[in-house]
1. Looking only at the range 35-62, count every residue that is open to solvent by 50 Å² or more (accessible area, probe 1.4 Å) and part of a helix (DSSP H, G or I) and tell me the total.
2. Would you be able to tell me the number of residues in the range 187-199 that are surrounded by fewer than 22 Cβ atoms within 10 Å (Cβ to Cβ) and of a type outside the set (Lys, Arg)?
3. Do any residues in the range 255-269 that are assigned to a helix (DSSP H, G or I) have Cβ atoms under 6 Å from those of residues that are of a type in the set (S, T, N, Q) and open to solvent by 30 Å² or more (accessible area, probe 1.4 Å), where the two are at least six apart or on different chains, and which pairs are they?
4. Could you please give the count of residues in the range 124-141 that are closer than 14 Å to Ala188 by Cα and outside any helix (DSSP H, G or I)?
5. With the condition kept exactly as written, say whether any residue in the range 95-105 is surrounded by fewer than 18 Cβ atoms within 10 Å (Cβ to Cβ) and either touching a residue at least 40 places away in the same chain (Cβ under 8 Å) or in a helix (DSSP H, G or I) (or both).
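The values are calculated or read from the model by the stated rules, or taken from the named source; none is laboratory data. Note that the structure is predicted; figures quoted are calculated from it, not measured. As a convention, Cβ positions derive from the backbone with ideal geometry for all residues, glycine included, and neighbour counts pool all protein chains shown. Each accessible area value is taken on the protein alone, full model and side chains, heavy atoms only, with ligands, DNA and RNA left out. Shrake-Rupley method; radii C 1.70, N 1.55, O 1.52, S 1.80 Å.
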Amino acid sequence: MSASFSRTSIETTETSTLILAKASIWIPEICLLTTCSMLAILCYHVLRKELPQKKKGASFENICTPTNLLIGVFYMTSSAHFLFEALFNKSKQESSILQAIASIFLGISMSCYVWFSWLRATQIVKRHTPKAIISIFKYLLHTSPILCCIPGVTKLLSTISEPTSTYIFTCATAIVTAIYAFLDFFFAYTYGKQIRQMSRDLEVSWQLRTISKYGLVSSCLSLFSSALCLADLVFAAMEKTQKSSTGLRVGRLIIICCRNFAFLSVGVALLLMKVGLFAGTGKDKGSALETQVVSGNSAVTTVKGNDEECKANENA
């Protein structure tokens, strides 16, 4: 009886491990297909919707505006991240090179997201934030391309023992994730403040409402994704320092799944922002607002009801 129970228990554990191993590959593969689909939708929208309406040819300059380039690279590097994450999990999480490459691509996509958000919300941020805080933010923003690669590079170039390498990678990832979480919190706070102000003012441009609404959603989702990333580091450390159990692996898989889908949702929010801005073109005409849109550069919105001006980057 005891031997039979033990054999059944071992078979159940093996089955659970096999399911978890397959799920760890399926999840990033689903995310990969989703980001590739969003990239295709972006290309279709720019080539078949935006350019014809603006009566512009499909030249490199017209297609690769700053925001188009950033959001496009965001989708491409996100796709690369999910691809290498799937390969890393397929290697039973034994290939440090695959883990490092996946980390680098994730960092680049996060950097693109932060820069995209900054271009969209520059004037909103300046209206609601003290200059000292903006200076700190700009410093972090300009160093983000370097920061994003630190965890992956430390893993990729490490020639020291595995425990020390893992410790350095974990610490670097935690620090960089915390910095991005601060930037997300900063954006979320600014967008929230702008939305509260707009709720008291009926005469606000469609563009400003769209940027604020989707900006707040994307910032909160990215902040949630960063929190889950930190939680994943804790679970990974627990797996290294103590005997891994099925419950621990299931918990970590759930965290990774939620983190990936939260990050995917950030990409969806950015795409909806872009499409929403395009769909709302001309909605402010005839109102108390005067909106001058300069294709690919900026839009200047004057709110007459409050006798104040705000400039919202449109870079559509």
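1. Qualifying residue count for the region: 14.
2. Of the residues in the range 187-199, the ones surrounded by fewer than 22 Cβ atoms within 10 Å (Cβ to Cβ) are 188-189, 192-193, 195-199.
From what's left, of a type outside the set (Lys, Arg): 188-189, 192, 195, 197-199.
Residues flagged as surrounded by fewer than 22 Cβ atoms within 10 Å (Cβ to Cβ) and of a type outside the set (Lys, Arg) within the range 187-199 amount to 7.
3. Leu264/Thr34
4. Residues flagged as closer than 14 Å to Ala188 by Cα and outside any helix (DSSP H, G or I) within the range 124-141 amount to 1.
5. If we filter the range 95-105 for residues that are surrounded by fewer than 18 Cβ atoms within 10 Å (Cβ to Cβ), which is where we start, we get 95-97.
The next check asks that each one be either touching a residue at least 40 places away in the same chain (Cβ under 8 Å) or in a helix (DSSP H, G or I) (or both); those that pass are 96-97.
Taking every residue of the range 95-105 in turn, at least one turns out to be surrounded by fewer than 18 Cβ atoms within 10 Å (Cβ to Cβ) and either touching a residue at least 40 places away in the same chain (Cβ under 8 Å) or in a helix (DSSP H, G or I) (or both).
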